[in-house]
Amino acid sequence: MNKNSSNIMALAPNTSNKRETVCIFGTGDFGRALGHKMIQSGYSVVYGSRSTQISNLIPKDAEVLSHAEAAQKADVIIIAIQRQHYNFLTPLAEILHGKVLVDISNNLKLNQYPESNAEYLAQLLPGSRVVKAFNTVSAWALQSGTLDASRQVFVCGDDVDAKQMVMNIVRAVGLTPLDKGTLLAAQEIENYPLQLFPMWKFPIFLSLGLTTFFFFYCLALDVIYTYIYEKNNFSFFIAITIPNQVCPAMALILLALVYLPGIFAAIIQLYRGTKYRRFPDWLDKWMLCRKQLGLIALAFASLHVVFSLVTPMRAFSKWRTSKGIISQALNNKTEPLDHTDAWMSDSYLALGILGFFLFVLLGITSLPSVSNSVNWREFRFVQSKLGYLALIFCTAHTLVYGGKWFLSPSAYKWYLPNIYMLSLVIPCAVLVVKFVLIFPCIDKPLTQIRQGWERNPKHSE
């Protein structure tokens, strides 16, 4: 009983500790949701609107006045309207002089205007103190209590006191403010909601391109070649067999591509003899999307596990097994167990299980909720040391699986190597170069460079 009562009281306005009055220009979805949230947090809210008639949609404890009357009652005014309607604020310049104006608007496309909406507002009303905030939060997030959405609010402004007032409001409604500096950061903040997985574009396009290439590569070798030269119709391989070849190849290659930029960075630093020069832009962008590459690689590895588990259920697998049994029965001969094959089979399965386990561990550690609970050394140990160990296990898994076919002429249809051979090129190159880089004669100067030592300080930038 007491517990439920306290919960109800926590949601109601705290009348004994009433906060200041905040004005909101605009009665749209976001303005209403923000006003309701602020009333729950103890603020008095007054809406400035063209129509002063009370609507059922307006929070019941809020007041609705004209723009001029509402602005006179508050020092903080939240502008919950679109940029194209800012002109009505010009006649209110004298009333808004010295007041904090919070611009929450967004645009329809990136860099739609030469300046940000917040900077444009500051130009229209030079006597006001403009702060950019709340544009990265949706009305739905406010209505849901911010429990199922991002709690972070980016805030920027030229007036430190005004920015602090807005950040206090952000905290009061249960969100987390992040100071992004002056109003010059407003355009970057306004671009955030318009970006669609910006760090995922390169990994996704790369994955789609490689997947398409490997799919048609396997289709040519396993279906088309077999149909032309052996008169066998294996078109059903498209459903399970070919995906189960493409997925592990993609997982191994993408995992290697996570660590390849680090190899390039080490070589560049050794060549330059300093860490105080920027990497090439392509390398910078590559290093920034390593987490996304790793997560996509984990998705491919998971699909490989699922495809492998359902393989015995396929009609083709059952037919091949029964054919072998019937062949032994007709020949009255039982094939003895080949212990070498048994060892190879168990070894590559064990290596695959260990590699996938470390793969999953890497994916879990990359989650913000987990990475925030470990220190930098622990995070680096998992992502670097255990990451390379996962790459070693997965590469060994592939080598043990098909190593015996490297020198077999039948493995090269149309003189092309099997897909698993192609998938080993980048991982093996990464591991070989990494092995060279850990030699003391190379690792020592590289460590010194990363600690600030320079071979030729006059060339540092």
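The values are calculated or read from the model by the stated rules, or taken from the named source; none is laboratory data. The shown structure was predicted, so the numbers you read here are calculated from the model rather than taken from an experiment. Cβ placement follows ideal geometry from the backbone for every residue including glycine, while neighbour counts extend to all protein chains displayed. With ligands, DNA and RNA removed, areas are computed over all heavy atoms of the protein, side chains included. Shrake-Rupley method; radii C 1.70, N 1.55, O 1.52, S 1.80 Å.
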For this session: Name the residue farthest towards the positive end of the dipole of the chain from the options V76, P427, F134, assuming +1 on Cβ of Lys and Arg, -1 on Cβ of Asp and Glu, about the Cα centre.
Result: P427
Problem set entry | In the stretch 325-404, the trypsin sites (Lys or Arg not before Pro) that fall in loop regions by DSSP, at most 11 other Cβ within 10 Å | K333
For this session: Beta carbons within 10 angstrom, averaged per residue: use that to sort the peptides 26-34, 99-107, highest first.
Result: 99-107, 26-34
For this session: Determine the relative contact order of the stretch 19-194: mean sequence separation of Cα pairs under 8 Å and six or more apart, normalised by residue count, in whole percent.
Result: 20
Exercise. Where in the stretch 181-237 are there GluC sites (Glu not before Pro) that are in a DSSP coil and have at most 12 other Cβ atoms within 10 angstrom of their Cβ?
Worked result: none
For this session: Assuming R0 = 30 Å, can you tell me the calculated FRET efficiency for the pair L330 and K404, based on Cβ-Cβ distance, to the nearest 0.05?
Result: 0.60
Problem set entry | Cβ-based charge dipole, the chain, positive-most Cα from Y225, Y259, Y348 | Y348
For this session: Just grab the label-to-label distance for L283 and L108, each label 7 Å out from Cα along the Cβ direction, in nm (one decimal).
Result: 4.3
Problem set entry | Solvent exposure of the stretch 19-194 as accessible area per residue, Å², 1.4 Å probe | 46
Exercise. By how many nm would the segment from R380 to V306 lengthen if fully extended, with 0.36 nm per residue of separation less the alpha-carbon distance?
Worked result: 23.7 nm
For this session: Find how much the distance from L361 to A299 grows on full extension, using 0.36 nm per residue of separation minus their present alpha carbon separation; answer in nm with one decimal.
Result: 21.0 nm
Seminar exercise, completed: Counting only protein heavy atoms with a 1.4 Å probe and every protein chain in place, the carbon and sulfur fraction of the accessible surface of the chain in whole percent equals 62
For this session: Obtain the nm distance between the two label points defined at W200 and E69 by a simple spin-label model: each point lies 7 Å from its Cα along the Cα-to-C-beta direction.
Result: 4.8
Exercise. Do any of K109/K180; K37/K99; K37/K291; K285/K413; K231/K333; K37/K109 go past 26 Å between their Cα atoms, and which?
Worked result: K37/K291; K285/K413; K231/K333; K37/K109
For this session: Using only the Cα atoms of the chain, each taken as one equal point scatterer with no solvent, compute I(q) by the Debye sum, divide by I(0), and report log10 of the ratio at q = 0.09, 0.12 Å⁻¹.
Result: -0.83, -1.06
Exercise. Considering only protein heavy atoms, what is the solvent-accessible area of H36 at a probe of 1.4 Å, reported in Å² to the nearest 10?
Worked result: 90
For this session: Using R₀ = 41 Å, calculate the FRET efficiency as 1/(1 + (r/R₀)^6) where r is the Cβ-Cβ separation of L349 and C441; round to 0.05.
Result: 0.60
Exercise. Given R₀ = 45 Å, FRET efficiency for E230-V425 by Cβ-Cβ distance, to 0.05?
Worked result: 0.95
Seminar exercise, completed: One finds the C-alpha centres of the stretch 243-294 and the stretch 80-98 to be spaced, in Å, by 49
For this session: Sum up the charges of everything whose Cβ sits under 15 Å from the Cβ of I95, counting Lys and Arg as +1 and Asp and Glu as -1, but leave I95 out.
Result: 0
For this session: Scan the stretch 147-209 for trypsin sites (Lys or Arg not before Pro) in coil per DSSP, keeping those whose Cβ has at most 15 other Cβ atoms within 10 Å, and list them by number.
Result: R151
Exercise. With Cβ to Cβ distances under 15 Å as the rule, what net charge do the other residues near Y113 carry (K, R +1; D, E -1)?
Worked result: -2
Problem set entry | Solvent-accessible area per residue for the stretch 354-435 (1.4 angstrom probe, square angstrom) | 58
